Each structure stands twice: as structure tokens, then as C-alpha cells.
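Undergrad: The structure that follows is given in the form of C-alpha cells.
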Amino acid sequence: MSKQHPLIVNTEWLAERLEDPNLRLVDATTFLKIPDKEGEEVGMWSGRDAYNQGHIPGAVFADLMNELSDPKAPLPMTVPPREQFVKKMEELGIGDGTYVVIYDQGALVGNPVVANQWASRLAWQLRYEGFDDISVLEGGYHKWKDEGRPITTETEHYPPANFTGKRRPELMVTKDDVKKAMDNENIVLINSLSPEDFRGETNTYPRKGHIPSSVNVPFGSHADPNTRQLYDISILRETFEKVGALDPNKKVITYCGGGIAATWNALLLNFLGQKNVAVYDGSMNEWANDPDCPLITGS
């Protein structure tokens, strides 16, 4: 499928197209609460109730956690079987002849970090299954609402679609791929977590630290927390250029805790022109649970 619309769009752009019969607007809200204290468990829940309380007119709800993850996988938010994903997309009206704009209601519960990581997760899954005409709404639901734009509580529907894209295995890597990448100078490994997680100063995962040779580009460092707008493209470019991630001759692998924040960095890399980007879906949830996978601390 040929790409026709910008990878990242703003609220004004979307407002002008809400009545477009080919638009499929999707709310991908999911809630994630990282523990503040040692011993607390990570909390994650669907955004369906939040969607029912208010969403952008026309938006359908995509349940990343319960319907677009593999229920049989040992780790949460694992990519589902293709048949499961395609069936749900067709039910939501996403397929041939449509274009998709995705938004969410924020990255983390109780944390001011601004990143549209749930929207980017669904965008990445769509691209992985071969659908290209996707945009992510900059600033998401909160920016839309803050600007006084219309909100509705009506449940929306689109006609069922036909989804024919082919899966692109090159957009995802496994634990073994990452082990090989550690010693490959033609691959840039990006840890998308906070500097504290990267250095091993938190207790979020079973073991502390980061994958050897990986560099830290925090997923929450790309937008103004007050305006919810992305920083100027020159600033975004500089951030990724510093770690060599925009070199067209290199492949980039992004990872995080569970393959969510990593997709936001991957989306921005694509936005900046880096086409050779893959996501490690298992990320630290998988890596830190395997004692054979090395981790190092410090910066």
C-alpha cells in the first residue's frame, strides 16, 4: 500500500478531515502505572472505560491489551497471531481504501511525560501486518480536548473492511537477534526507557541495567510537556543523530520495557527518514528475566 498521509498529524489537520468517508479514526488508549515504591506491581488496564466517557467524534476503540495482544504469550502486550489482528482490524473498518489516524490519552498514569506510545504501538502493529497509510495524532486526546474541540460519548462504527496487507517480519526482532546485534557495528541499539532505568537505578525489572552496546534515547524526551507538541524537527534530528541512529547505512533496533515506548522512538525515526528500524517486542520484560542475557549498569 502506498503511503498518502503524513506519519504525524496535528489537531487542526484532523479537524479538517473528520467527515472524510475514507478516514478511520482510532482511540488506542491503554493505561500503564509504573510502581513508585519497591514491592508494588506494575498496573495496566484497558482504556475502554475512558473511551466511553469521552472520545473524538468518529473514533472507534482498539483494545491493545485485550484484543490486539497474544492471550497465550507469557509476556503482556506480545504481538498476536496475524489472523487475530487482521480480524479485529476488519471489524473496526480498517483495510483497503481507508487511511487511519490513531490517538491515545497519554503515556503513563501519574507521570507528566508526553509521548503517544499507545498510538505508535498500534501504528507499528499495522505496519508490521502490511498496512501503511497511518498517521498518529500529535498530542493525542488531551491536546484535542484542551483546545476545546468536540468530544462525544457515542459509540462509533465503520463498515467492515477487507485487510490484504502482507506481514513484514523485518520490523520486529527477537532476543536472539538482539544478542547478535550487540557486537554488530552496523546496528544501533536504542534503549527507550528513562535515564534512571537505563543506568540501573530503578527496580522496575527483575534485573537492573541495559543491554550492552545500547544507547539511551528516552521516549519521553521529544515533546514539550506544556503544549504537548513535538519539539522542532531540528531538535528531534539532533537527538537521534547524536547516537548515530539516522545513518542510512545502519539498522536501528529500539527496545524498552515491553515493546510500547520503543514504538514511539521507532515512529519518530521513520518520521525523520530512517527506514531501517525494528522493534524488540519482548524488550526488558523478556531480556531481564533471562539470566543468560547480559545487562550492564551506569551510563
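Undergrad: Please enumerate the residues belonging to segment 228-255 that are small (Gly, Ala, Ser) and either surrounded by 19 or more Cβ atoms within 10 Å (Cβ to Cβ) or touching a helix residue (DSSP H, G or I) at 6+ places or on another chain (Cβ under 6 Å) (or both). Show your work before the answer.
TA: Taking segment 228-255 and keeping what is small (Gly, Ala, Ser), we get 234, 244-245.
Selection gives Ala245 alone.
Undergrad: Being touching a helix residue (DSSP H, G or I) at 6+ places or on another chain (Cβ under 8 Å) and not in a helix (DSSP H, G or I) narrows it down to one of Pro212, Pro225, Pro160, Pro150, so name that one.
TA: On the way: Pro212 fails: touching a helix residue (DSSP H, G or I) at 6+ places or on another chain (Cβ under 8 Å); Pro225 fails: touching a helix residue (DSSP H, G or I) at 6+ places or on another chain (Cβ under 8 Å); Pro150 fails: touching a helix residue (DSSP H, G or I) at 6+ places or on another chain (Cβ under 8 Å).
Of the residues listed, the single one that is touching a helix residue (DSSP H, G or I) at 6+ places or on another chain (Cβ under 8 Å) and not in a helix (DSSP H, G or I) is Pro160.
Undergrad: Could you tell me whether any residue of segment 95-115 is part of a helix (DSSP H, G or I), within 15 Å of the chain's Cα centre (by Cα) and not hydrophobic (A, V, I, L, M, F, W, C)? Walk me through it before giving the result.
TA: The first filter runs over segment 95-115 and keeps only residues part of a helix (DSSP H, G or I), leaving none.
Scanning segment 95-115 turns up no residue that is part of a helix (DSSP H, G or I), within 15 Å of the chain's Cα centre (by Cα) and not hydrophobic (A, V, I, L, M, F, W, C).
Undergrad: I would also like to ask the following. Residues to consider are Ala261, Ala278, Ala288; find the one that is of a type in the set (A, V, I, L, M), touching a helix residue (DSSP H, G or I) at 6+ places or on another chain (Cβ under 6 Å) and more than 25 Å from Trp13 (Cβ to Cβ).
TA: Criteria check complete, one pass: Ala278.
Undergrad: A further question on this structure: For Leu295, indicate whether it is assigned by TED's automatic domain parsing to the domain that holds Val173, surrounded by 15 or more Cβ atoms within 10 Å (Cβ to Cβ) and touching a residue at least 40 places away in the same chain (Cβ under 8 Å).
TA: Details: assigned by TED's automatic domain parsing to the domain that holds Val173: no; surrounded by 15 or more Cβ atoms within 10 Å (Cβ to Cβ): yes; touching a residue at least 40 places away in the same chain (Cβ under 8 Å): yes.
It is false that Leu295 is assigned by TED's automatic domain parsing to the domain that holds Val173, surrounded by 15 or more Cβ atoms within 10 Å (Cβ to Cβ) and touching a residue at least 40 places away in the same chain (Cβ under 8 Å).
Undergrad: For segment 49-98: of the residues being among the basic types (Lys, Arg) and over 16 Å from Pro160 (Cβ atoms), which is modelled with the lowest pLDDT? Show your work before the answer.
TA: First, the residues of segment 49-98 that are among the basic types (Lys, Arg): 72, 82, 87-88.
Checking which are over 16 Å from Pro160 (Cβ atoms) leaves us with 72, 82.
Working: Lys72: 95, Arg82: 98.
The extreme case among them is Lys72.
Undergrad: Checking the conditions here, which among Thr152, Thr174 is at pLDDT 95 or above, on the phi < 0 side of the Ramachandran plot, in contact with a His (Cβ under 9 Å, 6 or more places away or on another chain) and outside the structural domain of Gly58 (by TED's automatic domain parsing)?
TA: Details: Thr174 fails: in contact with a His (Cβ under 9 Å, 6 or more places away or on another chain).
The conditions single out Thr152.
Undergrad: How about segment 147-157: which of its residues are over 14 Å from Leu14 (Cβ atoms) and exposed (fewer than 14 other Cβ atoms within 10 Å of the Cβ)? It would help to see each step written out before you state the result.
TA: Keep residues of segment 147-157 that are over 14 Å from Leu14 (Cβ atoms), which gives 148, 152-157.
Listed by number, the residues that qualify are Gly148, Thr152, Thr153, Glu154, Thr155, His157.
Undergrad: Would you mind finding the one in Arg207, Arg237 that is assigned to a helix (DSSP H, G or I), at pLDDT 95 or above and either outside the structural domain of Gly139 (by TED's automatic domain parsing) or not charged (D, E, K, R) (or both)? Don't jump to the end; show me each part of the working.
TA: On the way: Arg207 fails: assigned to a helix (DSSP H, G or I).
Selected residue: Arg237, the only one of Arg207, Arg237 that is assigned to a helix (DSSP H, G or I), at pLDDT 95 or above and either outside the structural domain of Gly139 (by TED's automatic domain parsing) or not charged (D, E, K, R) (or both).
Undergrad: Separate question: Kindly list, by first and then second residue, each pair from a residue in segment 108-120 that is at pLDDT below 85 to a residue that is surrounded by 24 or more Cβ atoms within 10 Å (Cβ to Cβ), limited to pairs with Cβ atoms under 6 Å and residues at least 6 apart or on different chains.
TA: Taking only residues 6 or more apart or on different chains, not a single pair turns up.
Undergrad: Right, something else. Is at least one residue of segment 37-47 at pLDDT 95 or above and among the hydrophobic types (A, V, I, L, M, F, W, C)?
TA: no
Undergrad: Any residue at all in segment 76-83 that's outside the structural domain of Ala262 (by TED's automatic domain parsing), surrounded by fewer than 20 Cβ atoms within 10 Å (Cβ to Cβ) and hydroxyl-bearing (Ser, Thr, Tyr)?
TA: Looking through segment 76-83, at least one residue is outside the structural domain of Ala262 (by TED's automatic domain parsing), surrounded by fewer than 20 Cβ atoms within 10 Å (Cβ to Cβ) and hydroxyl-bearing (Ser, Thr, Tyr).
Undergrad: Looking at the structure I just gave you, is Val243 assigned to a loop (DSSP other than H, G, I, E, B) and either over 15 Å from Cys293 (Cα atoms) or under 19 Å from the mean Cα position of the chain (by Cα) (or both)? Lay out the reasoning, then the answer.
TA: Numbers: assigned to a loop (DSSP other than H, G, I, E, B): yes; either over 15 Å from Cys293 (Cα atoms) or under 19 Å from the mean Cα position of the chain (by Cα) (or both): yes.
Here the answer is yes, as Val243 does meet what is asked.
Undergrad: Something else now. Taking segment 7-37 only, how many residues are part of a strand (DSSP E or B), under 23 Å from Thr155 (Cα atoms) and not β-branched (Val, Ile, Thr)?
TA: 5
Undergrad: While we're on this one: Kindly indicate the residue of segment 246-279 that is part of a loop (DSSP other than H, G, I, E, B) and basic (Lys, Arg) and also nearest to the chain's Cα centre (by Cα) among those meeting that condition.
TA: Result: Lys275.
Undergrad: Still on this model: Outside any loop (DSSP other than H, G, I, E, B), of a type in the set (D, E, K, R), surrounded by 19 or more Cβ atoms within 10 Å (Cβ to Cβ) and touching a residue at least 12 places away in the same chain (Cβ under 8 Å): is that true of Lys179 in this structure?
TA: On the way: outside any loop (DSSP other than H, G, I, E, B): yes; of a type in the set (D, E, K, R): yes; surrounded by 19 or more Cβ atoms within 10 Å (Cβ to Cβ): no; touching a residue at least 12 places away in the same chain (Cβ under 8 Å): yes.
Spelling it out, it is not the case that Lys179 is outside any loop (DSSP other than H, G, I, E, B), of a type in the set (D, E, K, R), surrounded by 19 or more Cβ atoms within 10 Å (Cβ to Cβ) and touching a residue at least 12 places away in the same chain (Cβ under 8 Å).
Undergrad: Every residue in segment 35-92 that is in contact with a strand residue (DSSP E or B) (Cβ under 6 Å, 6 or more places away or on another chain) and among the aromatic types (Phe, Trp, Tyr), please.
TA: Across segment 35-92, the qualifying residues are Trp45, Tyr51, Phe61.
Undergrad: From the residues in segment 40-60 that are surrounded by 18 or more Cβ atoms within 10 Å (Cβ to Cβ) and touching a residue at least 40 places away in the same chain (Cβ under 8 Å), which one is nearest to Pro150 (Cα to Cα)?
TA: Start the filter on segment 40-60 by keeping residues that are surrounded by 18 or more Cβ atoms within 10 Å (Cβ to Cβ), which leaves 47, 50-51, 55-56, 58-60.
Next, from what is left, pick out any that are touching a residue at least 40 places away in the same chain (Cβ under 8 Å): 47, 50, 55-56, 58-60.
Working: Gly47: 19, Ala50: 16, His55: 9, Ile56: 7, Gly58: 11, Ala59: 12, Val60: 15 Å.
The qualifying residue nearest to Pro150 (Cα to Cα) is Ile56.
The values are calculated or read from the model by the stated rules, or taken from the named source; none is laboratory data. Small disclaimer: the values here were computed from a predicted structure and weren't measured. With ideal geometry, Cβ positions are generated from the backbone for all residues, glycine too; neighbour counts draw on all protein chains shown.
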